[in-house]
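The values are calculated or read from the model by the stated rules, or taken from the named source; none is laboratory data. All values reported here derive from a predicted model rather than from experimental measurement. Counting neighbours? That spans all protein chains shown, and the Cβs are built from the backbone with ideal geometry, glycine included. For the accessible areas, the whole protein counts, side chains as well, though only heavy atoms, and no ligand, DNA or RNA atoms are used. Shrake-Rupley method; radii C 1.70, N 1.55, O 1.52, S 1.80 Å.
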Amino acid sequence: MTDLSHIRNFSIVAHIDHGKSTLADRLIQLTGGLTNREMKDQVLDNMELERERGITIKAQSVRLSYTAKDGDSYILNLIDTPGHVDFAYEVSRSLSAVEGSLLVVDASQGVEAQTLANVYQAIDANHEIVPVLNKIDLPAADIERVQQQIEDVIGLDASDAVMISAKTGHGIDEVLEAIVTRLPAPEGDRNAPLKALLVDSWYDAYLGVVVMVRVVDGVLKKGMKVRMMAAGATYLVDQVGAFDPKRINLPELGPGEIGFFTGQIKQVADTKVGDTITDEKNICKEALPGFKPSQPVVFCGLFPVDSAQFEDLREAIGRLRLNDASFEFEMETSAALGFGFRCGFLGLLHLEIIRERLEREFNIDLITTAPSVIYNIYLTDGEMIELHNPADMPDPVKIDRIEEPWIKATVMVPDDYLGAVLKLCEDRRGVQLDLTYAGSRAMVVYELPLNEVVFDFYDKLKSITKGYASFDYHLIGYRQENLVKMQILVNDEPVDALSIIVHRARAEMRGRAMCEKLKDLIPRHQFKIPIQAAIGGRVIARETISALRKDVTAKCYGGDATRKRKLLDKQKAGKKKMRQFGRVEIPQEAFIKALKMEDK
Amino acid sequence: MTGNPLGLYIHWPYCTRLCPYCDFNIYRQRGKDEALFQALLEDINWWANEIVPRPLTSLSFGGGTPSLLSPEQVAQIITLCRKKFGFIDSAEIGMEANPTDAEAGKLQAFADAGINRLSLGIQSFDNDVLKFLGRNHNAREARRAIEKAQNIFDNTSFDLIYATPDQTPKHWRRELETALSFNTPHISLYQLTVEPGTAFEKAVKRGTWSPLPDEKEATLYAMAQDICAKAGLSGYEISNLAKPGYESQHNKLYWLSHDFIGIGPGAHSRVTLQAQRMAAETILHPRDYAQELPPQRFFMEALTREDQITEFLLMGLRLKQGLDLARYKNLAGKDLPAKPRDQLIKDGLARIDNHHFALTAKGRLLLNTIVLELMD
């Protein structure tokens, strides 16, 4: 075990592309965790998807050994945190596991919205923060301006920021030195009962569930029987260790240390992020604060494009669930789409990540239906049902009232974009609670119906503010609203997967928008196709896809046959990705794209 | 399978000017390419050994601009083909030519060399349209070339391009009336298509102009079919119209999935070798082509049954006569899929006539989507 005074735990806060992963790689390289040959770019972002999107989905940790200029050897634990509002809770847990953060800002770009959202979380977690200006070698770097901005916008003194170029390696040793000299050592009592924070967990094919922990008090050792205080389960610890970034086994983890343990845990669902781990024989007095079980808030249907792949999908979802306990699923049948699953997610990014992983890692083409929230439907007989799927809406005559979830949303935005943000919130039935300024940034607080936010609110917000807005929300409860189920009929046949629940006052606008969208999304056929939006039997919007009149190659001779044949083969394969409704083929992406709202 | 038709296509890839709409394998002419000409002669010898030679039903010089070959070179090729393969009595020996005065001056010499069908790339009788299409001839030259060709050849044809941006039905009617005034026995009417990799594609992407919407194209198409039918020209294929007896024998080989050998850079072949239908493609660049020996010039590949069915459908349905259902069954081992077949007939897009499955006028315009439906 390492003496507390020689441990430093930290995370890195940065906007996408400001160099977080490159810096992490440099730190690993310089402290000798990996040889050059072993260095794969951006070691910490494990999943293909994370690399591609440049985001971190699961928290990861790495233990670095560093001999400082004072001649002493230190253990530096870096936790890489997810940076998206969907995973706000996971981020808050990761941040509470460390004492300090490096705030990395691109010296050519300056502070951006995501930096701001994350740095406030770090401040909330009482972190000591060391500003680091990256990319100072770029011609566009403007160090003074960015320093000033950090002081103005975040309120941090940036005069002693560390100047680096993670790309060239310049200044990395100073970063290491700053971690040792400027971040506080952790505190803890080795002799107290074990108290450790469950930071993250994942499934490993060889080890079973691997649990990442931060020990606060006491010692975690092999052979101990530990208790998860919220989950109530106990496990025998069979391995304790850390990642450097390769897995290394350690005899124990003492106070202030970050590492992992394994213990014959079958599924990730048994390990809840934020839970407190203690010694079954010597239970600590109170659990760490802040635990809350994750609750899916967004639901959608996932259907295999090829109905023969249903069993594959079942298996794939089961396997993903092993590693991500935060999503739920149950079987669903749709008249239009056949067998599939209704799944619940933490948010939209989470939904998209799961969907992409299913498609990529398991090779299943999916149709995703419109995301929905949970509606509370009160029936006239007094019963209340939770509606996860608009298709299951009971007969309106049996409904007494419908309640929908509302959120309190906080948006921070430079005042140039304030007007657009206010308009967006108002368009989505928002109720303004607060509007304040901090420098040239405004903070707006709105109450919004979650169903107006789940779909494309965040995308929209990003695009109207050029990425300069940060957004956070939490659920505040259910409210009764005038909600109706809107159906879409394609060629006079209702397509259940396109049904949505919508506020009566917004129904006509949404219906019109969906019909217009579908008109562009459904390819023209040899016949006219009416597209209608209807509430009950009443049509509220209508568009028509005109018949295709000409689709023939003008010249087709000996040299064209091969190319034309290959093109047809490709189109044929594309057709397999369409769903047949009566005589109309609807491309799979239409089910989700039809719902995206354009601002007029 | 002797007795089956066999055609030979010769691709001469050079042009004096590259047209902005053309996506063929073409290169600007920089002097005579004797090496490529010699390569073509080698190819004829090589193919005569590769397959059991049988008399050619047709020989076609295309390009590029094959009329850039000298009449002597053309004569040499024809002579070699006659020696190695022979010709059936009624063999069609066709050539494409541009209507510039320079090329028109060589027409008699080509006829003397053995060419018996001439096809002129007229494209339009309107100087503005010709300019837009990047052609290096004018309307006067176009008219003179047609008259000259018709004085020399009995079997002539020319191409027109329609559906240029902003073309009105009135304008197209005028073009057609001019075209029909020559009483030519065969014409090809090509809808302007923006092909990938062409200058036109770039122009459209830049927003310089936009193609006509398909409704307008369909109207222009129907109009042309109608006007030409009244003049005795029947649309025997999507873009080709002829008086009885003047259909292009060589092109029908393609649409009927018969055997043809294609030589020259980028040319394609379909030949039956030991009961297996083979496809061959060739090296694209003329310089690389000439440097290799014939076995390296041709990439041979066996076509799967599915490939053959797709080609049989996509080529065969272009013909007004439709596709021979017995041949389909022989190839596919089963009948045309009943469900799409019957639906197409019900929708008035196809009909069965004389053991042939043929698309109606309306159906032929939707050929691509129809082939997709018929592909099993």
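Do we have A:K266 as open to solvent by 50 Å² or more (accessible area, probe 1.4 Å), under 20 Å from A:L320 (Cβ atoms) and of a type in the set (D, E, K, R) here?
Values: open to solvent by 50 Å² or more (accessible area, probe 1.4 Å): yes; under 20 Å from A:L320 (Cβ atoms): yes; of a type in the set (D, E, K, R): yes.
Considered against the rule, which asks whether it is open to solvent by 50 Å² or more (accessible area, probe 1.4 Å), under 20 Å from A:L320 (Cβ atoms) and of a type in the set (D, E, K, R), A:K266 comes out as yes.
I need the full set of residues from segment A:331-369 which are out of contact with any Leu (no Cβ under 7 Å at 6 or more places or on another chain), assigned to a strand (DSSP E or B) and not polar (S, T, N, Q), in order please.
A:M331, A:E332, A:G338, A:F339, A:R342, A:G344
Please determine whether any residue of segment B:297-312 is more than 25 Å from B:Y236 (Cβ to Cβ), free of Cβ contacts under 8 Å to residues at least 12 places away in the same chain, open to solvent by 20 Å² or more (accessible area, probe 1.4 Å) and more than 9 Å from every other protein chain (Cβ to nearest Cβ).
Within segment B:297-312, one or more residues are more than 25 Å from B:Y236 (Cβ to Cβ), free of Cβ contacts under 8 Å to residues at least 12 places away in the same chain, open to solvent by 20 Å² or more (accessible area, probe 1.4 Å) and more than 9 Å from every other protein chain (Cβ to nearest Cβ).
Go through (1) in contact (Cβ under 8 Å) with a residue 40 or more places away in the chain; (2) surrounded by 15 or more Cβ atoms within 10 Å (Cβ to Cβ) and name the single condition A:T553 misses.
Result: A:T553 fails condition (1) only.
May I ask you to verify whether A:D106 is under 12 Å from A:I164 (Cβ atoms) and open to solvent by 30 Å² or more (accessible area, probe 1.4 Å)? Lay out the reasoning, then the answer.
On the way: under 12 Å from A:I164 (Cβ atoms): yes; open to solvent by 30 Å² or more (accessible area, probe 1.4 Å): no.
Against the criterion (under 12 Å from A:I164 (Cβ atoms) and open to solvent by 30 Å² or more (accessible area, probe 1.4 Å)), A:D106 does not qualify.
Among the residues of segment A:454-468, which ones are open to solvent by 10 Å² or more (accessible area, probe 1.4 Å) and either touching a residue at least 60 places away in the same chain (Cβ under 8 Å) or in a helix (DSSP H, G or I) (or both)?
In the first step, residues of segment A:454-468 are kept if they are open to solvent by 10 Å² or more (accessible area, probe 1.4 Å); the result is A:455, A:458-460, A:462-464, A:466-468.
Once the filter is applied, which keeps residues that are open to solvent by 10 Å² or more (accessible area, probe 1.4 Å) and either touching a residue at least 60 places away in the same chain (Cβ under 8 Å) or in a helix (DSSP H, G or I) (or both), segment A:454-468 yields A:F455, A:Y458, A:D459, A:K460, A:K462, A:S463, A:I464, A:G467, A:Y468.
For segment B:204-218: of the residues being surrounded by fewer than 17 Cβ atoms within 10 Å (Cβ to Cβ), over 23 Å from the mean Cα position of the chain (by Cα) and touching a residue at least 24 places away in the same chain (Cβ under 8 Å), which is nearest to the other protein chains (Cβ to nearest Cβ)? Don't jump to the end; show me each part of the working.
Start the filter on segment B:204-218 by keeping residues that are surrounded by fewer than 17 Cβ atoms within 10 Å (Cβ to Cβ), which leaves B:204-211, B:213, B:215.
Then drop every residue that is not over 23 Å from the mean Cα position of the chain (by Cα), which leaves B:204-210, B:213, B:215.
Subset that is touching a residue at least 24 places away in the same chain (Cβ under 8 Å): B:209-210.
Values: B:W209: 18, B:S210: 15 Å.
Within segment B:204-218, the match that is nearest to the other protein chains (Cβ to nearest Cβ) is B:S210.
Output the number of residues of segment B:313-338 satisfying the condition of being surrounded by 13 or more Cβ atoms within 10 Å (Cβ to Cβ) and either on the phi < 0 side of the Ramachandran plot or of a type in the set (S, T, N, Q) (or both). Don't jump to the end; show me each part of the working.
First, pick out the residues of segment B:313-338 that are surrounded by 13 or more Cβ atoms within 10 Å (Cβ to Cβ): B:313-325, B:327-328, B:331-332, B:336-337.
Filter once more, so that each one left must be either on the phi < 0 side of the Ramachandran plot or of a type in the set (S, T, N, Q) (or both): B:313-321, B:323-325, B:327-328, B:331-332, B:336-337.
Number of matching residues: 18.
Just to verify a result, which residue in segment A:419-439, among those that are small (G, A, S) and open to solvent by less than 60 Å² (accessible area, probe 1.4 Å), is farthest from the chain's Cα centre (by Cα)? Before the answer, list the steps.
Taking segment A:419-439 as the starting set, the residues that turn out to be small (G, A, S) are A:419-420, A:430, A:438-439.
If we keep only those that are open to solvent by less than 60 Å² (accessible area, probe 1.4 Å) as well, we get A:419-420, A:430.
On the way: A:G419: 27, A:A420: 25, A:G430: 23 Å.
So the residue we want is A:G419.
Is it fair to say B:F24 is aromatic (F, W, Y), within 14 Å of chain A (Cβ to nearest Cβ), open to solvent by less than 30 Å² (accessible area, probe 1.4 Å) and not in a helix (DSSP H, G or I)?
no
Which of (1) within 13 Å of another protein chain (Cβ to nearest Cβ); (2) open to solvent by less than 20 Å² (accessible area, probe 1.4 Å) does B:Q343 not meet, given it meets every other one?
(2)
Kindly indicate whether A:G536 is within 30 Å of A:M486 (Cα to Cα), away from chain B (no Cβ under 14 Å) and not hydroxyl-bearing (S, T, Y).
Details: within 30 Å of A:M486 (Cα to Cα): yes; away from chain B (no Cβ under 14 Å): yes; not hydroxyl-bearing (S, T, Y): yes.
When the stated conditions are applied, A:G536 passes them.
Look at segment B:246-271 and say how many of its residues are within 12 Å of chain A (Cβ to nearest Cβ) and assigned to a loop (DSSP other than H, G, I, E, B).
Within segment B:246-271, the first condition is being within 12 Å of chain A (Cβ to nearest Cβ), and the residues that meet it are B:248, B:250-271.
Now drop any that are not assigned to a loop (DSSP other than H, G, I, E, B), which leaves B:248, B:256-258, B:264-268.
Result for segment B:246-271: 9.
Out of (1) of a type outside the set (V, I, T); (2) farther than 23 Å from B:L303 by Cβ; (3) at the interface with chain A (Cβ under 9 Å from one of its Cβ atoms), the odd one out for B:N368 is which?
(2)
Restricting attention to segment A:507-562, report how many residues are farther than 30 Å from B:A267 by Cβ and either touching a Gly at 6+ places or on another chain (Cβ under 7 Å) or in a helix (DSSP H, G or I) (or both). Outline the logic, then answer.
Residues of segment A:507-562 that are farther than 30 Å from B:A267 by Cβ, as a first pass: A:507-549.
Pick out the ones that are also either touching a Gly at 6+ places or on another chain (Cβ under 7 Å) or in a helix (DSSP H, G or I) (or both) and you get A:507-521, A:533, A:540-541.
Selection size over segment A:507-562: 18.
If B:Q274 satisfies every condition in (1) touching a residue at least 24 places away in the same chain (Cβ under 8 Å); (2) more than 10 Å from chain A (Cβ to nearest Cβ) but one, which is the exception?
With (1) touching a residue at least 24 places away in the same chain (Cβ under 8 Å); (2) more than 10 Å from chain A (Cβ to nearest Cβ) applied to B:Q274, the lone miss is (1).
Pull up segment B:122-132, narrow it to residues that are in contact with a helix residue (DSSP H, G or I) (Cβ under 9 Å, 6 or more places away or on another chain) and not aromatic (F, W, Y), then point me to the one that is most open to solvent (accessible area, probe 1.4 Å). Spell out the reasoning first.
Going through segment B:122-132, the residues in contact with a helix residue (DSSP H, G or I) (Cβ under 9 Å, 6 or more places away or on another chain) turn out to be B:122-127, B:129-130.
If we keep only those that are not aromatic (F, W, Y) too, we end up with B:122-124, B:126-127, B:129-130.
Details: B:I122: 0, B:Q123: 14, B:S124: 0, B:D126: 38, B:N127: 83, B:V129: 17, B:L130: 2 Å².
Among them, the one singled out is B:N127.
Please go through segment B:219-238 and pick out each residue that is surrounded by 21 or more Cβ atoms within 10 Å (Cβ to Cβ) and within 11 Å of chain A (Cβ to nearest Cβ).
B:L220, B:Y221, B:E237, B:I238
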